[in-house]
Structure formats: structure tokens, C-alpha cells
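Okay, so here's the structure we're looking at.
Please treat every number below as a calculation from the coordinates, not as lab data. The structure displayed is predicted, hence computed values, not measured ones. Here the Cβ is made from the backbone with ideal geometry for all residues, glycine too, and neighbour counts use every protein chain on show.
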Amino acid sequence: MKRPFFSLQEAAQRLREPLTALRHELHEHPELSGREFETVRRLRAFFDRPPFEVLPLPVDNALAVRIPGKGPGKRVAIRADMDALPVSEWAENPVRSQTAGVMHACGHDMHMSFVCGAGLLLSQAQFPGEALLLFQPAEEIGEGAQALLDAGLFERYPVDHILGGHVKPELAAGKISVRTGPVMAALDGFCIEVEGKGGHGACPHTCRDPIVAASAIVLALQTVASRTSDPDKACVLSVCRIQGGEADNVIPDRVVLDGTIRTVDGDQRTACLDRLHAVVENTAAAMGCKAHIRLQRGMPLVMNDPKTARICRARAEALLGAEQVTALPVDTIAEDFALYAQRVPGCYMGIGTGTPKAEFHPLHSDRFFPADDLLPLGATVFAEAALALLNGDEEETA
């Protein structure tokens, strides 16, 4: 196994202060999906020095930064998401959002800082080709990656590989997760309208009660995962909203159910969606009602390219030691990094930020604030992986 390109200890000494200052600035000034203009301005100022080159993009709330290498070679992109969430931050977090009701509760302030740190390291390294730092808006609403692709991102700036990642509070701090194949689930949404015949609550025998039918559908839908999907493959189906009725003595004409289904395999996705239709329509019919189903096809699976992932894993092991590198189970959260990885070979990694159980706070919690000490590690892992790919470390996949 090759020696790491960077010393983590030296990188930590060099990067801790500037990355901590940047991360705090970003955390204090979060912006919601689609509104990341000030975030872009702050990042642009960070890269306002040689050898960085800010590249033109037709998407105003996105940023691409080029780091030139020595001579011709590959181009490797490292992507960070920038948007925050509509969450009011806990008052006792060590650094707090200055924007009421908006918070970096999903760690995107960490992601941006990791990639900025990787850029600082790469700017001091020798490599052929070039590195591209990509800061993307609107990941939380699943629109940012598609907007950049629609604007011709890879036509303007073709890349050979793309890297991304996410902080993982369920993984011990300092550990890295790298998988081959599926990493994060495909996402589909559904809206079910149950049509019955309303009437007086005292005379249900004269009605076709859509509330009873909807209740039966909710219970029957639980069999979609348990009786369609291989137990070794994660599948989640959740009904997240029920709306129907306006009075306590009136059976309504209709009830609407909204929910989400997450699958980790293409065949599983097709089978579960087919079964959803059958379960809903037949359960409604058994209750004397009709069901109308509308599917919202969402993000595809995040799929790591096997060769790219093996190179990244080898570099992480060289940097941290094999015992610090693992492969978490496929995550049922969806991510629009999937759209990039459909176009070019990609690797999406997990960076552990876990704390003792008593202090554990999950993603999207108002108390989620990973430790600043992890910033140099995330930056170095991304820089190591990018350099391995730029330098053509194909033998590391053996």
C-alpha cells in the first residue's frame, strides 16, 4: 500500500485555524435551498488567491473552482452541498446560526469546509491534470445537482471522477466509510386519494367510508417492504401525512395519504412500486372505495463506481489505518449526488462524527454540531482520494 501523500498531523496543524474560522462563519450564516448567494460570496472570497481559478457557471448560487496541475491529465471533481434547513438552532450549541429559523442541521457547513481544506492541500501538491471544487445548491430539496447538469456542467467542465461525502453521526468520530456499489437509497414519493361516499357519521351503513379504507391501506402498505423485499436489502415505506374530514359527525367523500418509499436495488424498486399499486387498489376496493395513486419518481440510487471506491478506500486506509475504514450499510436517506454518479464514475464517502451515546444528536436535529477537530481529517481524506485518482493509482485496486 502506498504511503499517504499528506501527513494528517501536519495537515491538522496547518488547516485547523482557517477551516474552523470558515466553518463558524458558514454555520452562523446559513441559507435555505435555492438562496445560497451569500454563501457563494463567502466561498468565492476564500478562493480569491492563486492558484485558484473561479470558473463561470450559469447557475448564480453555485460555485466551481479550478486547481491546475502540472501538464495534461485527468480531471477530478470534489462536490460539497451548501444549503441549510428550516430548523431553529438549540440555544446552547457552541456556535449558533444568526438567521432565525435556519440552521446547518445536516452538516453542510462541514462539507463545504472539508472541500475548501482539500483545495488548500491540493494547491500545494504536484499532480497532472486538474482538480475541480464544486459547491452545489439545493441538495435538501433534490434540485441542485439537476440544475447544474441541465446547465451543462459536465459539457463545460468534463471530469473523469467525482467525489462527495457526508458527515455520519452514527459512525465513530475519525472513522471513514467507503462502499462499492449502492451507498444511498432511491427515493420515490406517493400520493393516494381514497374516494368513497360521504354522509352522516351516525349512519355509516349508508356511506362508503374512505377513512376506514385509508386506515386499512396504511396497515396493508406495511407488507410492501416486509413481503416484497429481500430482508438483506433495506426497504422503507412510510405514510407521513393523512388528510380527510372536517367535522366529527360527517364521513367525508375523500381522504388523501402522502408518503415515501426508499429502496436500495433497481429490481426491488420496481417490485415494491408494483406491489404498492396492487395493495392500495385492492384494499380500497374491498372497502367499497376507489383509490387513485400518483407516484413522484425521485432520486435514483447513489452508486459508487467499484474502481473509484477501491482507490478511495485504499487511500483512506493508508492515511488512517485499515481499522479506521469501514463500510456502513446502505443508507435509506436519498442524495442528489446520485445524478452525478450516473454520468461519471463517482465515490461518496461517510465521515464519522459520532459522539458518546448521551451526547448523540442525529442529522436534522437542532443540536447537531460536529466537532471542529474533524475538519482537517475530512479535508485530508478528500485530498488524498483526489490525488490518488489524479496520479492514476490503478494498482491500488488490485
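A few comments on the model shown:
- Helical content alone sets the calculated 222 nm signal of the chain at -11000 deg cm²/dmol, taking -39,500 (n - 2.57) per DSSP H segment of four or more residues and averaging over every residue.
- Rounded to the nearest Hz, the phi-derived 3J(HN,Hα) couplings of segment 200-217 under the Karplus curve 6.51 cos²θ - 1.76 cosθ + 1.60 (θ = phi - 60°) are 6, x, 7, 10, x, 5, 8, 10, 10, 6, x, 5, 5, 4, 5, 4, 5, 5, where x marks glycine and proline.
- Distance histogram for segment 276-344 (every C-alpha pair counted, 10 angstrom bins, percent rounded to whole numbers): 16, 26, 23, 15, 12, 7, 1
- Compactness of segment 46-94 as Cα Rg over 2.2 N^0.38 Å, two decimals: 1.70
- Converting phi to 3J(HN,Hα) with the Karplus coefficients 6.51, -1.76 and 1.60 and the offset θ = phi - 60°, segment 74-84 yields 6, 10, 10, 9, 10, 10, 10, 8, 10, 7, 9 Hz in sequence order, with x at every glycine or proline.
- Cross-link table 74/233; 175/357; 74/307, entries beyond 27 Å C-alpha to C-alpha: 74/233
- Estimated FRET transfer efficiency when R0 is 35 angstrom, pair residue 226-residue 365 (beta carbons, to 0.05): 0.75
- Highest to lowest packing among 66-72, 349-355, 311-317, scored as the average C-beta count within 10 Å: 311-317, 349-355, 66-72
- Mean projection of the Cα convex hull over all viewing directions, computed for the chain: 21.7 nm².
- For residue 80, the amide hydrogen comes within under 5 Å of the amide hydrogens of 134, 135, 136, counting only partners 5 or more places away or on other chains and with H modelled in the peptide plane.
- Residue 267 versus residue 7: modelled label distance in nm, points set 7 Å from Cα along the beta carbon direction: 5.2
- Listed values for segment 342-357 are Karplus-derived 3J(HN,Hα) couplings in whole Hz (6.51 cos²θ - 1.76 cosθ + 1.60, θ = phi - 60°), namely 6, 8, 9, x, x, 9, 10, 10, x, 10, x, 10, x, 10, x, 3, and x replaces Gly and Pro.
- Across every direction, the projection of the convex hull enclosing the Cα atoms of segment 186-297 has a mean area of 6.5 nm².
- Residue among 97, 177, 215 with the largest mean-square fluctuation in a Gaussian network model of the chain, springs linking Cα atoms under 10 Å: 215
- Long-range HN-HN contacts of residue 253 with modeled amide H, under 5 Å: 198
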